[in-house]
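Participant: Below: one structure in C-alpha cells.
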Amino acid sequence: MSLAQGAPPAGSAEHVPGAGRYGSPVPRFVEDALAIADMEVHKLRHDPAEVFTRAVQPVLWLLIFGEVMERTHAIPTGNLAYIDYLAPGVLAQSALFVSIFYGIAVIWERDLGVLHKFLVSPSSRVAIVSGKAASAGVRALAQGTIVYIVAAALGVDLRLTVLALTGVILVLLLGAALFATFSLIIACLVKTRERFMGMGQVLTMPLFFASSAIYPIVIMPRWLQAFAHINPLTYQVDALRTLMLAHGRSAFGLGTDFAVLVGVLLALTAVAARIYPRVIT
C-alpha cells in the first residue's frame, strides 16, 4: 500500500510497511521508509500542541539568554551581533532536543507490541530506522519554523533566499535524523525507559555545550576544543550559521559540514539497523 492511497491506522497489521509487496529494492526501501515516517507524523497531527511545548525552551534561549548576552558583549562573535550568532545554535539545539529522546518511542512500541510487527515484516531494518529518523526531521522542521519566526521578530539578520532556506531545511533534516538514529541505538542498548531518560539527559548537555552553538570554539579550553571538533552538532551549527545568516561565514566549509553530517548519519544508520532487533530481547 502506498502513502498516496492512504494508510490504515498506525499499529494495525495492514499498516506494517512492506507487507505483501514486491518490486525493485530501491522503490520498496523508499516506500517502507516513508510509511514508517508517515506513521510518526500521524501522531504529531493528532497532538500538535507537542510542537509548541517543545519549542518553549529554544524560544527562551533566544528571548532571555540571547538578549542578556547581547548587552554584555562578553563573547567574541566577530562581525556578528550575539543574537545573530546564537540563533543558528538555538535552531540546532531545538533539533537536538527533539531527536535525542526519540528512542524512547521504540521502547514504547516494544511494550505495545507494535515493534514485533515491524520486525517480522518484509521491510529492511535500514528502511525502518531511516523512516523513524525522517520523522524526527519533520518534527525538527516544525520547531524550526517557530524559531525562525522568533528570530525574525528579534531582528536577526536572516538570509531568506530560496537556496539558503532549502539548505537550512536539508541541514535540519540531516541533524535531526543523525541524533534520532543515535537515540535509537541508545534505546536498543539500555532497553528500559528509566535508563534511557537518564542517558538522554547525560548526553544532551555535553553535546550542546561542547559545540559552537553559544560561543566560538576558540575560547574553549583545549581539551574541550578537541571534543567540539568531533561533535557532529558543531558541524550542523556551522552549516546553519552559514546558510541562515546574511553575513554568516563557515569555519570549516559547507562541503566539510555536509560530509561530516552525511557520513556520521550513514554510519549510525548501519549500526542501528544491525542492533535494532535487540530492543525486544
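Participant: What's the number of the condition A239 fails, among (1) outside any loop (DSSP other than H, G, I, E, B); (2) at pLDDT below 95; (3) aliphatic (A, V, I, L, M); (4) more than 26 Å from I104 (Cβ to Cβ)?
Facilitator: The one condition A239 does not meet is (2).
Participant: Name the one entry in V138, V150, V156 that is part of a loop (DSSP other than H, G, I, E, B), surrounded by 14 or more Cβ atoms within 10 Å (Cβ to Cβ) and not polar (S, T, N, Q).
Facilitator: Numbers: V138 fails: part of a loop (DSSP other than H, G, I, E, B); V150 fails: part of a loop (DSSP other than H, G, I, E, B).
Answer to the selection: V156.
Participant: Would you pick out the residues in the range 243-275 that are part of a helix (DSSP H, G or I), of a type in the set (S, T, Y) and at pLDDT below 95? Talk me through it step by step, then tell me what you get.
Facilitator: The first filter runs over the range 243-275 and keeps only residues part of a helix (DSSP H, G or I), leaving 243-244, 254-275.
Keeping just the survivors that are of a type in the set (S, T, Y) gives 256, 269.
Residue satisfying the conditions is T269 alone.
Participant: So, one more: State yes or no: is L86 closer than 28 Å to L203 by Cα, in contact with an Asp or Glu (Cβ under 9 Å, 6 or more places away or on another chain), buried (at least 18 other Cβ atoms within 10 Å of the Cβ) and modelled with pLDDT of 65 or more?
Facilitator: Details: closer than 28 Å to L203 by Cα: yes; in contact with an Asp or Glu (Cβ under 9 Å, 6 or more places away or on another chain): yes; buried (at least 18 other Cβ atoms within 10 Å of the Cβ): yes; modelled with pLDDT of 65 or more: yes.
Yes.
Participant: Same structure, new question: Somewhere in the range 217-229, is a residue in contact (Cβ under 8 Å) with a residue 24 or more places away in the chain and among the small types (G, A, S)?
Facilitator: no
Participant: Restricting to the range 169-200, name every residue that is farther than 21 Å from V138 by Cβ, touching a residue at least 24 places away in the same chain (Cβ under 8 Å) and surrounded by fewer than 18 Cβ atoms within 10 Å (Cβ to Cβ).
Facilitator: Across the range 169-200, the qualifying residues are L189, K191, T192, R193, M197.
Participant: Scan M244, M205 and give me the residue that is without any contact (Cβ under 8 Å) to a residue 40 or more places away in the chain and either closer than 19 Å to G66 by Cβ or in contact with a strand residue (DSSP E or B) (Cβ under 8 Å, 6 or more places away or on another chain) (or both).
Facilitator: Values: M244 fails: without any contact (Cβ under 8 Å) to a residue 40 or more places away in the chain.
Step by step, each of M244, M205 is checked, and only M205 is without any contact (Cβ under 8 Å) to a residue 40 or more places away in the chain and either closer than 19 Å to G66 by Cβ or in contact with a strand residue (DSSP E or B) (Cβ under 8 Å, 6 or more places away or on another chain) (or both).
Participant: Filter the range 159-168 for residues that are surrounded by 15 or more Cβ atoms within 10 Å (Cβ to Cβ) and not in a loop (DSSP other than H, G, I, E, B) and give the result. Steps first, answer last, please.
Facilitator: Here is the first cut: in the range 159-168, the ones surrounded by 15 or more Cβ atoms within 10 Å (Cβ to Cβ) are 159, 164-165, 167-168.
Within the range 159-168, A164, L165, G167, V168 qualify.
Participant: Then there is this: Any residue in the range 97-113 that is in a loop (DSSP other than H, G, I, E, B) sitting within a Cβ distance under 8 Å of a residue that is modelled with pLDDT of 80 or more and small (G, A, S)? List the pairs, counting only those 6 or more apart or interchain.
Facilitator: As it stands, the answer is F101/S183; Y102/A136; Y102/A180; Y102/S183; G103/A180; G103/S183; G103/A187, since those pairs meet every condition given.
Participant: Let me ask you something else. If I ask for residues that are over 17 Å from the mean Cα position of the chain (by Cα) and within 27 Å of L163 (Cβ to Cβ), which ones from the range 245-281 would you list?
Facilitator: L245, A246, H247, G248, R249, S250, A251, F252, G253, L254, G255, T256 - these are the residues of the range 245-281 that are over 17 Å from the mean Cα position of the chain (by Cα) and within 27 Å of L163 (Cβ to Cβ).
Participant: I'd like to check something: does the range 20-39 contain any residue that is modelled with pLDDT under 80, assigned to a loop (DSSP other than H, G, I, E, B) and basic (K, R)? Let's see the steps before the verdict.
Facilitator: Here is the first cut: in the range 20-39, the residues modelled with pLDDT under 80 are 20-39.
Cutting the leftovers down to assigned to a loop (DSSP other than H, G, I, E, B) gives us 20-24.
Within this subset, residues satisfying the condition of being basic (K, R) are 21.
Checked against the condition, which is being modelled with pLDDT under 80, assigned to a loop (DSSP other than H, G, I, E, B) and basic (K, R), the range 20-39 yields at least one hit.
Participant: Next up: For the range 223-281, which positions are of a type in the set (F, W, Y) and crowded, with 20+ Cβ neighbours inside 10 Å? Working first, answer last.
Facilitator: Initially, the range 223-281 is screened for residues of a type in the set (F, W, Y), giving 223, 227, 235, 252, 258, 276.
Once the filter is applied, which keeps residues that are of a type in the set (F, W, Y) and crowded, with 20+ Cβ neighbours inside 10 Å, the range 223-281 yields Y235, Y276.
The values are calculated or read from the model by the stated rules, or taken from the named source; none is laboratory data. Keep in mind that this is a model prediction, so the values were computed, not measured. Every residue, glycine as well, gets a Cβ built from its backbone with ideal geometry; the counts of neighbours run over all protein chains shown.
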